[in-house]
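Peer 1: Can you read through this structure? Questions will come right after.
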Amino acid sequence: MLLGIYGPLSLLALLTVWAATVVVGFAFVHFALGSGIGHITEHSGFFTDLYYSGTTFFTLGLGDIAPLGGAARAVTVMEASIGFGMLALVIGYLPVLYQAFSRREVNISMLDARAGTPPTAVELLRRHQEANSIASLDEWLRDWEMWAADLMESHLSYPVLCFFRSQHDNQSWLAALSTVLDTCSLVMVGIDGMPKWQAQLTFKMARHALVDISQIFNTSPVKKDGLRLSSEQLAELQSALRGYGVELSSEPGDERTLEELREMYEPYTQVLSQYLLMPLPGWMPQKRASDNWQTSAWEIIAPAPEQPFKKCMLKEAAAQRARSAAMSHRE
């Protein structure tokens with residue numbers, strides 16, 4: 001819960017610090033000028049200057065205190081203009097942040113039904129193969145190339161967005177980015193029926209975003225420890241994909257190629273995971289895990305079933321086979 005509100009609270013704290021710094025700074029300027037302001041009372045001092053600075057910055061204009069002398073009037077005008085500028089900054093700053101956050105979360109929410117929760121590359125390939133839609137992954141990767149580019153531009157411009165978390169604690173922008181990179185790596189190694197060009201483009205853009213964002217926090221990449229995908233887990237992954245009907249290339253040198261690709265991004269995902277306290281998904285789906293769309297406050301024990309969707313897909317596949325057979329018969 002605290003991690004979920006840390007991002008918005010840090011933004012509000014940042015704006016508060018900006019305003020307080022300006023108010024206190026101008027109070028010191030007035031104090032250095034010999035408190036060149038007139039009072040309705042005889043009491044004066046730094047706290048009176050601080051009060052006058054606050055009313056000027058927030059443009060209250062109460063009139064109980066007025067500047068005396070040219071220097072005090074010039075400082076008052078400068079502070080009032082900064083106060084108006086601060087107001088305009090806040091009005092323009094917050095909607096831009098919300099729009100960037102909303103754009104980021106749309107694709108992450110859509111990933112739930114496509115790659116499971118938490119998302120994994122194996123589950124993504126399994127579901128597309130099950131729906132006889134493995135060829136559509138090329139278009140999916142193209143969309144995520146654009147998502148990665150938007151992520152890089154928005155989060156480099158507004159680093160506080162990195163701390164904004166998804167609505168569900170088992171989702172995050174870092175987990176989604178890691179899953180996309182995992183999927184691209186598998187496709188580039190070789191999957192029957194899938195071209196590699198778009199996977200290469202998406203991989204390059206996603207890694208570019210990952211590396212640049214990690215540099216914001218001056219986080220050095222950690223040494224790859226191999227825990228995310230050991231040789232035994234890779235063999236299990238290949239066997240699982242083969243069982244789903246997805247044939248991953250296993251020619252000599254492919255395992256080394258996959259390791260080299262992982263070395264290009266996993267050190268950065270791991271260090272950001274530690275810094276931002278965002279867990280990374282594995283390569284294989286968790287056992288007995290339910291998607292977020294299947295659960296609610298009333299369906300924690302018995303999630304919504306997937307059987308109706310599977311029946312619809314089987315019916316569609318049968319209809320497609322029938323159409324293909326009819327076309328072959330006519331030919």
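The values are calculated or read from the model by the stated rules, or taken from the named source; none is laboratory data. Because the structure is predicted, anything quoted here is derived from the model rather than measured. Neighbour counts run over all protein chains shown; Cβ positions are idealised from the backbone, glycine included. Keep in mind that these areas ignore ligands, DNA and RNA; they rest on the heavy atoms of the full protein, side chains included. Shrake-Rupley method; radii C 1.70, N 1.55, O 1.52, S 1.80 Å.
Peer 1: I'd like the GluC sites (Glu not before Pro) in region 207-263 restricted to DSSP loop residues with at most 16 other Cβ atoms within 10 Å, sorted by number.
Peer 2: Hits after loop and neighbour filter: 247.
Peer 1: Toward the positive end of the charge dipole of region 1-125, about the Cα centre and with charges on Cβ (Lys, Arg +1; Asp, Glu -1), which of 84, 56, 28 goes farthest?
Peer 2: 84
Peer 1: Let me ask you something else. Determine, from the Cβ-Cβ distance of residue 10 and residue 290 and an R0 of 35 Å, the FRET efficiency 1/(1 + (r/R0)^6), rounded to the nearest 0.05.
Peer 2: E between residue 10 and residue 290, to the nearest 0.05, is 0.65.
Peer 1: Run the dipole for region 51-139 about the Cα centre, Lys and Arg Cβ at +1, Asp and Glu Cβ at -1, nothing else charged, and hand back the magnitude in debye, nearest 20.
Peer 2: Rounded to the nearest 20 debye, it is 100 debye.
Peer 1: Set the Förster distance to 51 Å, then compute FRET efficiency between residue 3 and residue 68 from the Cβ-Cβ distance, nearest 0.05.
Peer 2: 0.50
Peer 1: Still on this structure, please answer the following. Leaving out same-chain residues fewer than 8 places away, which aspartates and glutamates sit with a Cα under 15 Å from that of residue 223?
Peer 2: 259, 260, 263, 266
Peer 1: How much of residue 128 can a 1.4 Å solvent probe reach, expressed as accessible area in Å² and rounded to 10?
Peer 2: 10
Peer 1: Give the residue from 174, 249, 214 lying farthest towards the positive end of the charge dipole for region 174-251; charges sit on Cβ (+1 for Lys and Arg, -1 for Asp and Glu) and the dipole is referred to the Cα centre.
Peer 2: In region 174-251, that residue is 214.
Peer 1: Taking the Cα centre of region 148-204 as origin and charging only Cβ (+1 Lys, Arg; -1 Asp, Glu), how large is the dipole, in debye to the nearest 20?
Peer 2: The calculation lands at about 80 debye.
Peer 1: Taking 0.36 nm per intervening residue step and subtracting the Cα-Cα distance, what contour gain separates residue 21 from residue 204 on full extension?
Peer 2: 61.7 nm
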